[in-house]
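Just so it is clear, none of the values below were taken in a lab; they were calculated from the coordinates. Since the model is a prediction, treat every value here as computed from it, not as a measurement. Please note: Cβ atoms are built from the backbone with ideal geometry, for glycine as well, and neighbour counts cover all protein chains shown.
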Amino acid sequence: MILKEIHYIYHNELDAIYGSDEVDSFFYWLIEHYFQCNRLTLALEPQFALTKTEEQPLFEALSRLKNQEPIQHIIGETEFFGLPFKVNQHTLIPRPETEELVQWIIKCHSERSEESQLKILDIGTGTGCIAISLAKQLPKAQVFALDVSEEALKIAQQNAEINQVNVSFLKANILNKDESLSVLGDASKFDIIVSNPPYVRELEKQDMKKNVLDYEPDLALFVEDNNPLVFYEVITQLAVDKLKPNGQLFFEINQYLGAEMQQMVKAYPFEHIELRQDMFGNNRMLKAELQ
Ligand SMILES: C[S@@+](CC[C@H](N)C(=O)[O-])C[C@H]1O[C@@H](n2cnc3c(N)ncnc32)[C@H](O)[C@@H]1O
């Protein structure tokens, strides 16, 4: 079949679900992935034809997209901070808001220009996107990354290899203080602790799309309505023990809980607590420095 015809079928079957622009971006992403060709190919070679075997993955992808499966799961990878990352059903798909958090950390570090080797801990690493991007951008840093999910850690390890960085991955339940302290061992303290932990309240599920609810791991997303800051509080307490003096704590946060987050962190010996908005104007990041 001619590629242009398959493009037409995509619009016919998917526009009602996603809108035309998004369908275009899915289609170009898929042909780039499967055939290393792009939208120019469609324009310059209107008769570009695929064999039955070649077109099969495009039709498989079409039926998965109809079920609102994320395109990143279909392709098995995504891009974060300009780097490739494998993803699967056990890992959260890295979000652009999290790239802004990484950018902020790098900027703060360049302003501080420390002499000694930086030591960084990423809690709830998932695909490893934060830890690996930081390791790539700050090649002298010693980076540790922790998650409770064995499956997520396998993907994170593969991502570190793909991106040729050295990250030490640790398995622990951060809500269990003894367990996390024991995997962190007697290692010297950290300059930076960063986390994008689960922060979506059950009550927010009603506003979420099927592609997230049905395909992304609950373990990465949800917290109970009556204790939405549970991860942040535990991590803030750990940071009091595990950060060096003047060490920095960075969080990605629930946009609706900025004030509560500031209030919570203020109860601990942190200063210069700063809330930051993402590109959509939502409270999304918080930074604090240990006194
Ligand atoms: C919101 S995702 C963030 C993933 C990745 N850091 C990112 O920014 O895309 C939260 C991560 O926390 C992990 N997690 C959930 N509960 C945990 C726990 N009790 N201890 C450690 N990690 C946990 C999940 O497996 C998931 O990978």
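Miscellaneous remarks
- Total charge dipole magnitude, the range 3-67, about the Cα centre, Cβ charges on Lys, Arg, Asp, Glu only, Debye to nearest 20: 120
- Note on the range 191-258: Cα Rg divided by 2.2 N^0.38 Å, N the number of residues, gives 1.27.
- Candidate aspartates and glutamates for bridging to K177, where Cα separation is under 13 Å - those fewer than 8 sequence places away on the same chain excluded: E233, D241
- Protection proxy ranking, highest mean first, for peptides 67-74, 173-180: 67-74, 173-180, where packing is the per-residue count of other beta-carbon atoms within 10 Å, averaged.
- Within a Gaussian network of the chain (alpha carbon springs, distance under 10 Å), most fluctuating of E22, E79, E100: E22
- Pairwise centroid distance, computed over Cα atoms, of the range 1-63 with the range 73-93, Å: 21
- Assigned charges on the beta-carbon of Lys, Arg, Asp, Glu; the range 90-290 dipole about Cα centre (debye): 440
- Ordered by the number of other Cβ atoms lying within 10 Å of each residue's own Cβ, fewest first, V240, V200 fall into the sequence V240, V200.
- Radius 14 Å from Cβ of Q277, net charge of other residues (Lys, Arg +1; Asp, Glu -1): -2
- Top of G76, G185, G124 by mean-square fluctuation, Gaussian network on the chain, Cα under 10 Å: G185
- Computed over the chain, Cα set: Rg, Dmax in Å: 21.1, 66
- Relative contact order for the chain, counting Cα pairs under 8 Å that sit 6 or more residues apart, in percent: 14
- Positive dipole terminus of the chain, leading residue within T51, H109, I123 (C-beta point charges): H109
- Using a cut-off of 31 Å between Cα atoms, the listed pairs K189/K209; K154/K266; K210/K242; K119/K266 include K189/K209; K154/K266; K210/K242 as exceeding that distance.
- The angle between the Cα long axis of helix 150-162 and the longest principal axis of the Cα atoms of the chain comes to about 80 degrees, rounded to the nearest 10.
- Pair-distance profile P(r), taking every C-alpha pair of the range 3-67, with 10 angstrom steps and integer %: 21, 60, 18, 0
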